[in-house]
Amino acid sequence: MDVKIAELASKCDYRTVADILAGWTDVKISHGTVRNIVNKVGMAQARQDEAMVKELEESAELPQGKKVDVLFAEADGVYIRSTERKKGMEVRHAVLYEGWEKNGNRVSLKGREVIMTTKSSDAFWTEVHALAASRYSLEKAQVVTNSDGGAGDTAEKFREAFAQSENPVIHQLDAYHVYRNLSRVFAPGKSKYKDYVLQAIKTRDRRDFELWMDTYESTLNDPKRMKKAKEFRSYILGNWECIGDWRDRVEEIPEGARGLGAIESNQRHITYRMKKRGMYWSRTGGEAMVKIIQGIMNQTLRKAYLKDRQRSVRKQREARKIVKMSAILHERTRPSVGVRHGSIAVYTCNSSAVGRLRKVIHNGQHY
């Protein structure tokens, strides 16, 4: 029941969940109770991810996972509002998949696995590495990655996360972010410069790129436009080795291969539920919700919650002791053992304290 409520809460707010339950079932709970259930279920998934990381760190060798020829990985982040004053919270998000599947005109990711968290960048990449190592055997695989080149999603981060592969990681700068930044830089009426710069990026002609950027900057008088142009130049040149489609850098293109950029559409699972609409999230509530969304997408939420609810061996032993003592204390009748007889077998003089006590008990004397 808790998992079903948590899954429903990943689609609508807590008050709506409480109203739905009251209207369609006999269950009547407050929105505060719904929040508590969400936190309980979400943190169960979070603890399972922590256990996965710990198991990998303590293992002497990597587990035997699924062997794939090519593995694709993409990462990005989205900011949501925090309950902390004047602070935002970044939800870090990675998606791993083996390729694409077609169902008519619809295309979906094959073998999709996601990691989502509001924790630090280091904790996020540790979970990505643990997920890849526990699911796949990547020694002979070619890993292809994609990101916007931000500080937390650099090519080096991907290389560290997929270091078990013997082949160099092929990293691509996300084409969507390149085109978006390009459109923001060029002022209206300067489209010819935009076309020349875009052509230089597509052909990976660094000399032409710098030449046309210099030419465009020489026409600018607005300091803000000039600043944007310089930032765009720095962004492209800083990621120049990652410019271009990944298919141009592999020896053999897999069948049905497509361009990367699936992370953008997958971000909607977060933004539709957690962004805008006046929503603010605490650290615990935000982490619990993204882990519920992750568990639903990976189909691991129910298993993680049920496993978290199981008692450890030590807890089971303690519970048995409590049950046993409770049964003894609640017994109404106990078996009779009859009258007990005995004597104090102490060999000492009658004038001592013990001697006088023995004398009182045996003779019934009182002082």
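Computed values, structure above
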quantity	calculated
Rounded percent of accessible protein surface that carbon and sulfur make up, the chain, 1.4 Å probe	49 percent
Beta bridge orientation in the chain: antiparallel %, DSSP, nearest 5	60 percent
Theoretical ellipticity at 222 nm over the chain - DSSP helices of four or more residues, -39500 (n - 2.57) apiece, nearest 500	-16000 deg cm²/dmol
Separation of alpha-carbon centers, segment 197-211 and segment 45-104, rounded to whole Å	34 Å
Rounded tilt (10° steps) of 353-363 against the dominant C-alpha axis of the chain	60 degrees
Segment 63-143 shape via C-alpha gyration tensor axes, a/c threshold 1.5	oblate
Amide H contacts of Tyr136 (H built 1.01 Å from N, under 5 Å, at least 5 apart or other chain)	Lys66
Whole-percent pair-distance distribution, where bins are 10 Å wide, for the alpha carbons of segment 109-213	12, 35, 26, 20, 7, 0
Global form of segment 239-317, assessed from the alpha-carbon gyration tensor, a/c cut-off 1.5	oblate
Which of Thr118, Thr154 is most accessible, then next, and so on - probe 1.4 Å	Thr154, Thr118
By accessible area with a 1.4 Å probe, ligands and nucleic acids excluded, highest first: order of Trp100, Trp246	Trp100, Trp246
The chain: most fluctuating residue of Asn39, Asn181, Asn350 per GNM, C-alpha cutoff 10 Å	Asn350
Per DSSP, loop trypsin sites (Lys or Arg not before Pro) in segment 194-256 with at most 12 further Cβ within 10 Å	none
Label selected from (i) 0.94; (ii) 1.02; (iii) 1.60, the criterion being Cα Rg over 2.2 N^0.38 Å as computed here	(iii)
Selected from Ala304, Ala51, Ala22 as most flexible by GNM, with the chain as the system and alpha-carbon contacts under 10 Å	Ala22
Hydrodynamic radius of segment 28-104 per Kirkwood, over alpha carbon pairs, in Å	17.0 Å
For segment 73-78, Karplus couplings with θ = phi - 60° (6.51, -1.76, 1.60), whole Hz, Gly/Pro x	9, 9, 9, 6, x, 9
Accessible area expressed per residue, segment 1-115, with surrounding protein chains retained (probe 1.4 Å, Å²)	59 Å²
Gaussian network model of the chain, springs between alpha carbon atoms under 10 Å - residue of Lys321, Lys140, Lys119 with greatest fluctuation	Lys321
Accessible surface, 1.4 Å probe, highest first, among residues Ser108, Ser10, Ser234, Ser352	Ser234, Ser108, Ser352, Ser10
Farthest positive-ward along segment 63-130 dipole, Cα basis, beta-carbon charges - from His129, Val91, Ile80	Ile80
For segment 1-53, diffusion coefficient by Stokes-Einstein and Kirkwood Rh (Cα), 10 °C, 1.306 mPa s, µm²/s	138 µm²/s
For segment 53-166, share of DSSP beta bridges that run antiparallel, in % to the nearest 5	75 percent
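The values are calculated or read from the model by the stated rules, or taken from the named source; none is laboratory data. Predicted model, so just to flag it, every value in this text is computed and none were measured. Glycine gets a Cβ as well: all are built from the backbone with ideal geometry, and neighbour counts include every protein chain shown. SASA here: full protein model, heavy atoms, side chains in, ligands and nucleic acids out. Shrake-Rupley method; radii C 1.70, N 1.55, O 1.52, S 1.80 Å.
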